[in-house]
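Accompanying notes for the structure given below.
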Amino acid sequence: MMAPTTDVLRVEDLSVAFQTRGGLVRALDRVGFTVGAGQTMALVGESGSGKSVTAYAVMGLLETAGRVTGGRAFLGQTDLLATPPRTMARIRGRRIAMIFQNPRAALNPIRAVGKQIADVLLRHGGATRSNARDRAIEALRAVGIPDPARRAKAYPFELSGGMCQRVMIAIAVAARPDLLIADEPTTGLDVTTQAVVMDLIGAMARGSGMATILITHDLALAAERANRIAVMHAGHMVEEADTATLLARPRHPYTARLIAATPTAAGSLASLQSVPGGLPDLRQADRLHCRYAGRCERRQDACDAVLTMRPAAPGHAVACWNPL
Amino acid sequence: MTSTSTINATVSHIRFVLGENPVTLGAAMLFAAFLVMAAAGGVLAPYDPLASDTMRALQAPTWQHWFGTDQLGRDILSRVIVAARVDIGIALASVTLVFAAGGLAGLAAGFFGGWVDAVIGRIADNIMAFPLFILAMGIVAALGNTIPNIVLATAIINFPLYARVARAETMTRREAGFVDAARLSGHRDGALLLTQVLPNIMPIMVVQMSLTMGYAILNAAGLSFIGLGVRPPTAEWGIMVAEGASFIVSGEWWIALFPGATLMLAVFCFNLLGDGLRDIVDPRRRT
Amino acid sequence: MRAVLLRLAGALPTLCGVVVVTFLLTRVLPGDTATYFAGPTASAESIAQIKASLGLDRPLPEQFWRYGVALVHGDLGMSLTTGQPVRAEIIARLPASAELTLCALILAIGIAVPLGVAAAVRQGSWIDHICRVVATAGVSLPVFFTGLLLVYVFYFRLGWMPAPLGRLDAFATPPHAVTGFFLIDALLARDLVTARAALAQIVLPATTLALFALAPIARITRASMLAVLGSEFIRTARASGLSGPTVVVTYALRNALLPVVTVLGMVFSFLLGANVLVEKVFAWPGIGSYAVEALIASDFAPVQGFVLTMAVLYVLLNLGIDLLNRAIDPRARRGA
């Protein structure tokens, strides 16, 4: 293998469907990617593209209407998708952890934040009843919260959004997981806090060799923070490459559109292009062919064939019949 | 606004909800049956509900007397049927009264705000400070032991509920802006209330009525049970249960059972119907 | 502590309102007390005399002042039928009512909260359907009727329960009064026989009341559990791998209890009213049956005293609910 690092998570052919009133929605179709130790992989796409569904499926937290219809997700040697729920509950928090957007709502409103960290430590981290409090305070200190002994007694409504996200990170990394999934971790935070939170996640990952999946709609954020980027569209993975390659030489028309639509320090707002069209209806029977075709200006007859990811260059895969 | 298409849409929506929800349909049919009993009780009853016949006293249900006879030999089935008019009448009268009074008070409070709102809110709070059934007892005891006073007491204890719902609805409508639009085009307050706000809060108030009908019947029957309001020999479900109470311990179950079960069924029917109507008018609050 | 005092002060206007309403019920409404006291054959002269002796001929503000002064001295008037001061009789009978209502409340919460939780956790299962039927049917039950049904089945048919004749049967002696609650007093006296007898008497009336109070509690528990289980912090708790019981009890239930506690105010309003009916059915010697007896005899002072007592109790209960809410919810604690 080329990669110098070992794979922490390897997702293969993951498919997920939701049973809805309008019929079966194929939310994910044969999604695959890998994340190496100490690496940050960004899943980028519009809302509804399946980024979060991918994360929830891997975590075993799909809501009851959702069902994994195929694929494997190896965490080390364990296929998470074949793991029974009770065992999954022991893996979550201990080997994979997750943080969410809107941190204040993601914390229990009537439990002191120190206790919420202690709950996780007691469950996974080997803390005992007598030292859980001290270790929770340690964890708060580790995420850079000033005066952690006092803050441990605070409730989420008494802390700022940025503070709450630090608490979330403390909860997530409490048991030193191998993989952290960060689902839009900076949405709703102000710009300076965003940077601080992302720096903190990066520092945590470097310190422990933890792999990170960064889920975001913000390509600029992904470009700044991730080693690799996977672009998702309508439940398909359309392109995956290391960050520099993807930005410099996108092969999929949708990636190119996304890059064009992302404001950069160099570009001006005037040159900003939005991605035309909307997401396709996913309720139709097996949509194994390209789901971007309806929005694509490079569409041709070949696009009606079954779509798969194909290598475009070493370490660069694209799912397109007529790539750039 | 009310073109045939919107009426058709409403009808199809109601049909959809009823089709989805056979329980509501059943409750509606049962409700109709109770209304018929209340309207035509005298015709439906097989015997004179007041005619006593001591030779036939305390008979268990037979083919002649489906529900048996009471301690005076009166036919219980006939009495249960005739009582529907008294019970449903009291409930309807009190609910209509509080619908008008509470609705108007809430409308005024929500529309004018300020001291009107403060005074009405204070009155409602004062009523709510009492356990409601006990307040009703106190009111009937003070005003005198008559049916109109039972109606009044039941209306008073429901007043806060109606006033609050009407007030909240009025305030949302007022904030919706079309009232301001109408005011700018030269309508006066009174006209605005009646033409713009009132029709809009009607559906939710009607739901409120059907939701409180059951409670109103329970309340009236409870007052009669403890000897307030309706007096013997008038047939009324609460009194009939009270009369049957002393026979329960000696095993004559039918005297209390049939009026009690009918009362329960009526209340159950109103509650189901209220829930169903709420689903039709306000699907968001569905639980 | 300061918060408790503040809340108490906040309840004062409500208490004043209660006193004013009770006064209005006694004096101002058309029911003519004096005519009543004088009896049907009284002359106009004797009615006037009675009016003067009761102070009913004075101007209203003065009457209200006297009423208030009497209340402050704990004077609720005299009962005509028993010749006893109303206050003494209400105090003597209050423990019986309180014991019954509390037993019913504990029973109702003990069944309704787990039922509502189970229904929400297993949404759409048979237990969820049971919960929904209970919630709708429970509020439709006329308590006086369910009480009689229970008596018929468990006393007359099965013979499992004693006759519905008060707190203890005629041959038992009540335990030495410490709390006034027979169950507790008998246990304090280590008198297991009496405790058993008292328990046997209270089971049916308490069950009757509990069946009635169950419905709103189960309904709101289910609804608020469903809302909480769908919230973001529960997702976090699951993502952190916390165990099922921790997620459901420590995280979800404690949050879901906030609306349940709020609804208890309404449940108390129902319970105190239904208590009157149940006391009549089971010949329970509490203040409810006292008021009913007085009502039938048209003896007004006990009825007014009863209404006032219940209203004051209700205000205090609501105060307790408010404090309980603050104990559970840190936002309410720090916000105020």
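Each value in this text was obtained by applying a stated rule to the coordinates, not by laboratory testing. As the structure is a prediction and not an experimental result, all values here were calculated from the model. Counting neighbours? That spans all protein chains shown, and the Cβs are built from the backbone with ideal geometry, glycine included.
Binning every alpha carbon pair distance of the stretch A:123-162 at 5 Å from zero, what are the percents per bin?
Answer for the stretch A:123-162: a P(r) of 6, 23, 28, 24, 14, 7 percent.
Count neighbours as other Cβ atoms within 10 Å of each site's Cβ, and list the chymotrypsin sites (Phe, Trp or Tyr not before Pro) in the stretch B:61-105 that are DSSP loop with at most 10 such neighbours.
Counting only loop positions with at most 10 other Cβ atoms within 10 Å, the chymotrypsin sites (Phe, Trp or Tyr not before Pro) in the stretch B:61-105 are B:W63.
Exactly which chymotrypsin sites (Phe, Trp or Tyr not before Pro) in the stretch C:137-169 are in a DSSP loop and have at most 15 other Cβ atoms within 10 Å?
Counting only loop positions with at most 15 other Cβ atoms within 10 Å, the chymotrypsin sites (Phe, Trp or Tyr not before Pro) in the stretch C:137-169 are C:W160.
Provide the descending list of Cα extents for the stretch C:230-290 along its principal axes, expressed in whole angstroms.
57, 18, 13
Can you list the equivalent-ellipsoid semi-axes of the stretch B:43-158, largest first and in whole Å, using the square root of 5 times each Cα gyration tensor eigenvalue?
Output for the stretch B:43-158: semi-axes of 43, 15, 10 Å.
What percent of all Cα-Cα pairs in the stretch B:207-287 falls in each 10 Å bin, counting up from 0?
Over the stretch B:207-287, the share of Cα pairs per 10 Å bin runs 20, 38, 25, 14, 4, 0 percent.
What is the spin-label model distance, in nm, from B:A191 to C:V178 if the labels are put 7 Å beyond Cα along the C-beta direction?
Going by the 7 Å Cα→Cβ label model, 7.6 nm.
What average count of beta carbons from other chains do you get within 10 Å of the Cβ of residues in B:229-238?
1
When only alpha-carbon atoms count, how far does chain C stretch along each of its three principal axes, as whole angstroms with the largest first?
Answer, in whole Å and largest first: 83, 54, 39 Å.
Within a Cβ distance under 14 Å of B:S246, other residues only, what is the Lys/Arg minus Asp/Glu net charge?
Around B:S246, the charge tally is -2.
Let me know the mean shielding of C:146-157 by other chains, meaning the per-residue number of their Cβ atoms within 10 Å of its Cβ.
4
Quick one: in the stretch A:9-127, what % of C-alpha pairs are over 16 Å apart?
For the stretch A:9-127, the fraction of Cα-Cα distances above 16 Å is 67 percent.
List every residue whose amide H lies under 5 Å from the amide H of A:L24, counting only residues 5 or more places away in sequence or on a different chain, with H placed 1.01 Å from N in the peptide plane.
none
Quote the charge dipole size of the stretch B:2-285 about the Cα centre in Debye, to the nearest 20; the model charges only the Cβ of Lys and Arg (+1) and of Asp and Glu (-1).
About 540 debye.
Counting Lys and Arg as +1 and Asp and Glu as -1, each charge on the Cβ, what is the dipole of chain C about the Cα centre in debye, to the nearest 20?
Rounded to the nearest 20 debye, it is 1340 debye.
Projected onto the charge dipole of the protein assembly as shown (+1 at Lys/Arg Cβ, -1 at Asp/Glu Cβ, origin at the Cα centre), which of B:A163, C:T146, C:V133 gives the Cα projection farthest towards the positive end?
The residue sitting farthest along the positive end of the dipole is C:V133.
Assuming R0 = 25 Å, can you tell me the calculated FRET efficiency for the pair A:A220 and A:Q300, based on Cβ-Cβ distance, to the nearest 0.05?
The formula returns an efficiency of 0.20 here.
Tell me, what is the Rg over Rh of chain A, with Rh the Kirkwood radius over Cα pairs?
Looking at chain A, the ratio lands at 0.98.
Counting only DSSP beta bridges with both residues in the protein assembly as shown, tell me the antiparallel percent, nearest 5.
Beta bridges within the protein assembly as shown, antiparallel portion: roughly 65 percent.
I need the phi-derived Karplus couplings for the stretch A:143-159: 6.51 cos²θ - 1.76 cosθ + 1.60, θ = phi - 60°, integer Hz, Gly and Pro marked x.
For the stretch A:143-159, the Karplus curve yields 8, x, 8, x, 6, x, 5, 6, 5, 4, 8, 7, 9, x, 5, 8, 10 Hz.
Counting other C-beta atoms within 10 Å, and keeping those with at most 13, which DSSP coil trypsin sites (Lys or Arg not before Pro) do you find in the stretch A:12-54?
Filter output for the stretch A:12-54: A:R21.
Based on the inverse mean of 1/r over its pairs of different Cα atoms, what is the Kirkwood hydrodynamic radius of chain B, in Å?
21.0
Can you pull the mean other chain C-beta count within 10 Å for peptide B:218-226?
Partner Cβ neighbours, averaged per residue: 6.
Got a sec? Which residues in the stretch B:251-277 would a label at B:T62 touch, if it sits 7 Å along Cα→Cβ and we count backbone N under 18 Å?
Counting only backbone N, you get B:252-255.
Relative to the longest principal Cα axis of chain C, at what angle does helix C:287-296 sit, 0 to 90 degrees, rounded to 10?
Taking Cα atoms only, the helix is inclined about 40 degrees.
Can you give me the three principal axis dimensions of the protein assembly as shown from its C-alpha atoms, in Å, biggest first?
For the protein assembly as shown, the Cα spread along each principal axis is 113, 70, 64 Å.
Any idea what the dipole of the protein assembly as shown comes to, in debye rounded to 20, about its Cα centre with Lys/Arg Cβ at +1 and Asp/Glu Cβ at -1?
With Lys and Arg at +1 and Asp and Glu at -1, about 2640 debye.
When the expected Rg is taken as 2.2 N^0.38 Å, what fraction or multiple of it is the alpha-carbon Rg of the stretch C:172-321?
1.40
Return a whole-number percent for the relative contact order of chain A, with Cα pairs under 8 Å and 6 or more residues apart as the contact set.
21
With labels modelled as points extended 7 Å from the Cα through the Cβ direction, what inter-label distance (nm, one decimal) is found for C:T262 paired with A:R10?
The modelled label-to-label distance comes out at 5.3 nm.
Taking +1 at the Cβ of each Lys and Arg and -1 at the Cβ of each Asp and Glu, which of C:V203, A:P311, C:S243 sits farthest along the dipole of the protein assembly as shown towards its positive end, judged by Cα position relative to the Cα centre?
Among C:V203, A:P311, C:S243, the one farthest towards the positive end of the dipole of the protein assembly as shown is A:P311.
Charges on Cβ only, +1 for Lys and Arg, -1 for Asp and Glu, centred on the Cα centroid of chain B; of B:L58, B:I147, B:L184, which one is farthest towards the dipole's positive end?
Of the candidates, B:L184 comes out farthest on the positive side.
Round to the nearest 0.05 the FRET efficiency obtained for C:V72 and B:V249 when R0 = 60 Å and r is the Cβ-Cβ distance.
Rounded to the nearest 0.05, the efficiency is 0.85.
Can you give me the Kirkwood hydrodynamic radius for the stretch A:55-99, using every pair of distinct Cα atoms, in Å to one decimal?
Hydrodynamic radius (Kirkwood, Cα pairs) of the stretch A:55-99 is 10.9 Å.
Given the C-alpha atoms of the stretch A:96-176, compute the convex hull and give its volume per residue in Å³.
It is 78 Å³ per residue.
Given a cut-off of under 8 Å on Cα pairs at least six residues apart, what relative contact order in percent is computed for the stretch C:140-198?
That works out to 22 percent.
Rank by packing, highest mean first: peptides A:54-65, A:296-307, B:193-204, with packing defined as the count of other Cβ atoms within 10 Å averaged across residues.
Answer by packing, highest mean first, reads A:54-65, B:193-204, A:296-307.
Suppose a student asked you for the relative contact order of the stretch A:96-176, using Cα pairs under 8 Å spaced at least 6 residues apart; what percent would you report?
Once normalised by length, the contact order is 44 percent.
Sum up the charges of everything whose Cβ sits under 13 Å from the Cβ of B:D125, counting Lys and Arg as +1 and Asp and Glu as -1, but leave B:D125 out.
My count for the surroundings of B:D125 gives +2.
Please build a GNM for chain C, connecting alpha carbons under 10 Å apart, and tell me which residue among C:A301, C:A223, C:A172 fluctuates the most.
C:A172
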